Each structure stands twice: as structure tokens, then as C-alpha cells.
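Below is one structure, written out as C-alpha cells; comments come after it.
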Amino acid sequence: MLIQRATLLDGTSTDIRVGARIDEVGDNLAVQHGEGLLDASGGTVLPGLPDHHVHVRSAAFALDSFSVGPPGVSTKAQLAQMLSNATPGPDGWIRAVGYHESVAGDLDRTALDALVPHIPVRVQHRSGALWILNSAALGRVGLAEHPDGRLRSADRGWSEALRRRETDLAELSRRITATGVTGVTDATPDLSADDMVTLMVAHRRGEFRPRLRFLAPGKKILQDDRLDLDALIDWISEHHSTGRPVAVHCVTAAQLVVTIAALRAAGGHPLDRIEHASVVPDDNLADLADLADRGLTVVTQPNFVAERGDHYLADIPAADHGELWRVASLLKAAVPVALSTDMPFGHGDPWTAMRAAVHRTTLSGAVLNANECVSARTALTMFLGWPDRPGQARTVAAGQPGDLCVLTEPPETALAELDAGMVAATIIGGELVYFAM
Ligand SMILES: [Zn+2]
């Protein structure tokens, strides 16, 4: 297809011929026979956005689940109202996502039974690692005797027993591509081979359009009470010895410190990643810079500043706020940083994440850690990386993959707004997969 009157991010006006790859970028390209035409009318054309850290099945599942966490639901009374009025899905279950203990403490089966006694209810914690089931649900999955109904994703077995409902990947695909996203990296650590096959088949059938990449099995989740440096070194070395990179999930300072030590001891792989890096003490900036020299990239989600910032401000001592969801200081230390959304645990709109990186404004309007703000151009560029090298930005140039995002606005306005509403068209491999009417 030929895109006419495009403006590149650097202000250049041009035409773009795109197929599986970008074939040509230049002025007044001649229209070829049978070629589709798209008039960008001076709007910005970007490389298609990758989202480097998402959970596809959970996101499809969350589409029609009830959200029972802040800010929508923040009190026990609101939770009770939401669940007791919820209509079960076609399979007879009530599914809820996004729970946080600030709403009504550590939920268990008894608490859920009091709200919904007879219909099976399954509540997912917003971390994605814990489910709470009521007695009716436990009975359905053969765990009627379970002491409290709190099931962790790390304990397999039960999860196989849970009936999987077909999730609506096509609808998720439509929503994702409408934001200009052309590829996603699924970061689910315990993704089974079956799950991967399901997703790959949906992709091949055209039901799920964005390009798909999986971090598992090179993805490691750490738990503060089970940090084991030697085991982590062994795990990393084992992956590196067979040429595979690792992606280690670090959401606390302790996890980051152990991961840094383990990466140091095990040596680097040019595609290694640290996921989240939610807490980075000053002392560790130089360590991360050292590891970056050997290829490490940090894949982070500043959208949590916007979504959960008020909680951080209330729950975390002021002296530690400077360590939260850093971006500018990592870049300053020459650590490659890529942004992502962690959908559905974070809001899946990359433009929201970019705005959060620029403004770091919480829902109440406070600013968390203003020193870590970056420019709009930097925020956008951190969403333009390669699927396997997220910290390295792509450009619109001949030979690059034929994945593009066309905006209605020229660069200056696009950068000022950073809004998904500007996405006019999304192109994957030269095919128009989204077009705003
Ligand atoms: Zn995640």
C-alpha cells in the first residue's frame, strides 16, 4: 500500500510504500497498479508501537470481568455492591479482577461466601498471582476442602482444574490495534505450551492481529521471602549457556539487588531484561549502567504512577518516593529503557503510559517523583523499540518491518497530546488492521 502525505517524527514530509517491509520512503512516489492508497494528510507516521510486557490471555479474560479494585472500587461496601449485583457469565461464573487488600483486607472464601453464597465467584488479585474463590467455586474445581480459598498461581494443579472459558481474543486484538500497537510480548511467566499454541493459532487465523512474542520460559518471578542468589545465578547461567536471554521481574529493592548480583556473577546476554524495576535505589543506578554495557534493558511501566500513585504516596515513606518507577535517572545513567503497559494489570493504552512518563500525575493530581519526568518525544521513542531489543528505537525507513501507526496529527500536536484518539490507522506487515472511520 502507498501512504501519501505522511510526516515523520523528525518533521520530514514524505510518501511511504509498505508491504511486509517498508519498501520505499520518498517524495511523490508513483502509484502502482492495484495498490491501496492511504492519505495521511500530513499526519505523523510512526513505526507500529510494540507493547513489550503484556499478559494476553489475562487481558482477553479481563475484558468482560468485573473490576473490583481502586479507583473504581475502594471500599468493602462498594465491593459488596459490585459482587452481589454481578450477573454471571455464560459459564455460570462471576469473574472479578484487580482486587487489592486496601478494599476489604485479605479476602478469603468465607468473606466471599457472605457476599455471594451460591454462584461460583473467582476474584483475581491485581498482582495477577493470587485468586480467591468462594465455596461454590471451590466445589466446582474439586477443592471443596480448601482451607481459605486463596490460590496462588505458583501452586499449579488447581489452575488446570479451573474451567477455562474461551476468551475473546478478537475483541482484545481490535482494542489493542486501535491504539497503534502492532506487536506484543507476552510476559506471563507460567504460560503453558497449550496457552502459547492457542495464542499462536489465533494469530495465524487472523483473530489476534498483533505480532506475538513470548518471554516464557526465560521469565523469572522473584519473591522477597524466597530470594536465593545461588539458585538465580544457576538459572541465569543455564539460560545463557544455551544462548537464551533472561527477563527477571523486580518489583522490590531486595529483588533488584539480588538480580543485579546474579547477573553480575552469571554474565550478560545482549538481550537480557529486567521487568518493572519498580524500585531502584540510587546506589543501584551505577550497577544497572554496568549491566547495560553488557546488553541489559529495563522494561518498565510508568503508567502505574498514574494508576496507583496515590496509594504509593499514602503507603510508602516519603523518603523512598524517589526510588519509584524511575525513568529519567535510568536514561541519564545510559541504561536502555523501554516502556510497556503490563496489560491487564496496568491500563493497556500505551499513550496513557507515555503521558504518565511525561507528567507523573496521580489520579488525585499529585506528582510522584517529578525528577523522573521525561519529554514527550523521549516517552514516545521508548515505545518504538524492536520486539527483541526493546530499548533500541525503530524508524520509518526502507527495509524496516511493514508495521506502522498513522496519526491524524502532525508531530508537534501528536507530542503535545500523546493520545490514542489520534490513531487513524494501524498497519501490520503492509496490511491495514485498524482504520478509524
Ligand atoms: Zn506483568
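Can Thr177 be described as at pLDDT 90 or above, of a type in the set (Val, Ile, Thr) and out of contact with any Ser or Thr (no Cβ under 9 Å at 6 or more places or on another chain)? Criteria not met by Thr177. Inside the stretch 363-377, residues that are closer than 18 Å to Pro70 by Cβ and surrounded by 20 or more Cβ atoms within 10 Å (Cβ to Cβ) make up a count of 1.
Applying the set (1) buried (at least 17 other Cβ atoms within 10 Å of the Cβ); (2) in a loop (DSSP other than H, G, I, E, B); (3) more than 16 Å from the ligand (Cβ to nearest atom) to Gly69 leaves exactly one unmet item: (3).
Considering only residues of the stretch 48-63 that are more than 16 Å from the ligand (Cβ to nearest atom) and crowded, with 24+ Cβ neighbours inside 10 Å, which is nearest to Leu380 (Cα to Cα)? Once the filter is applied, the top-ranked residue is Leu49. Number of residues in the stretch 266-280 that are more than 23 Å from the chain's Cα centre (by Cα) and under 23 Å from Ala306 (Cα atoms): the value is 0.
Scanning the stretch 177-201 for residues that are charged (D, E, K, R) and within 14 Å of the ligand (Cβ to nearest atom), we see that the one that is most open to solvent (accessible area, probe 1.4 Å) is Asp190. Filtering the stretch 315-351 to residues that are more than 16 Å from the ligand (Cβ to nearest atom), closer than 17 Å to His276 by Cβ, open to solvent by less than 10 Å² (accessible area, probe 1.4 Å) and assigned to a helix (DSSP H, G or I) leaves only Leu330.
The set of residues from the stretch 379-436 being at pLDDT below 95 and within 17 Å of Gly42 (Cβ to Cβ) comprises just one member, Ala436. Sort out which residues of the stretch 273-314 are of a type in the set (Asp, Glu), closer than 16 Å to Gln255 by Cα and more than 16 Å from the ligand (Cβ to nearest atom), and write them in order of number. Residues satisfying the conditions are Asp282, Asp283, Asp287.
Within the stretch 13-29, the set of residues being free of Cβ contacts under 8 Å to residues at least 40 places away in the same chain and of a type in the set (Lys, Arg) comprises just one member, Arg17. Residue-level check: of (1) without any contact (Cβ under 8 Å) to a residue 12 or more places away in the chain; (2) under 11 Å from Ala338 (Cβ atoms), Gly365 misses just (2). Does Leu285 count as open to solvent by 10 Å² or more (accessible area, probe 1.4 Å) and in a helix (DSSP H, G or I)? When the stated conditions are applied, Leu285 passes them.
The values are calculated or read from the model by the stated rules, or taken from the named source; none is laboratory data. These numbers were taken from a predicted model, which means no experiment stands behind them. With ideal geometry, Cβ positions are generated from the backbone for all residues, glycine too; neighbour counts draw on all protein chains shown. These area figures cover heavy atoms from the full protein model, side chains too; ligands, DNA and RNA do not enter into them. Shrake-Rupley method; radii C 1.70, N 1.55, O 1.52, S 1.80 Å.
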